[in-house]
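Nothing in this text is a laboratory measurement; each read-out follows from the coordinates by a stated rule. Remember, predicted model here, so these are calculated numbers, not experimental data.
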Amino acid sequence: MKIQIAGPGCARCKAVEQTVITAVTELGLDASVSKLSDVKEFAKLGVLMTPAVIVDGSVIISGKVPSVEDIKMLLQKTL
């Protein structure tokens, strides 16, 4: 599973990254988590608001900082 955090690197983006890492660890998933900070690149993926979470090319969250439980629920749906 490839998970990308899209955003310019603001505090909210960093919070989402930490939340995603925590959720992935708690679920024991084999996933790579990376940052995507190039506006042109995440616009191509359909991200209109940041921070955003992209799983295997699909935007699952955009424009908010989700809780660990929210991330876990959404990641389990993508399995």
Log10 I(q)/I(0) at q = 0.13, 0.15, 0.19, 0.28 Å⁻¹ for the stretch 2-78, from Debye over equal alpha-carbon scatterers, is -0.31, -0.41, -0.68, -1.48
Rank LYS35, LYS44, LYS14 by mean-square fluctuation in a GNM of the chain with C-alpha springs under 10 angstrom and give only the top-ranked residue.
-> LYS44
Just check the stretch 1-46 against the gyration tensor rule for me: Cα atoms, a ≥ b ≥ c as the square roots of the eigenvalues, rounded for a/c under 1.5, and otherwise prolate or oblate depending on whether a/b exceeds b/c.
-> oblate
Given springs between every Cα pair under 10 Å in a Gaussian network model of the chain, which of GLY46, GLY57, GLY28 has the largest fluctuation?
-> GLY28
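May I ask what percent, to the nearest 5, of DSSP beta bridges between residues of the chain are antiparallel?
60 percent
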Relative contact order (%) - the chain, alpha-carbon pairs under 8 angstrom, separation at least six | 38 percent
Would you calculate a helix-derived [θ] at 222 nm for the chain, using -39,500 (n - 2.57) for each DSSP H run of n ≥ 4 and dividing by the full residue count, to the nearest 500?
-> -13000 deg cm²/dmol
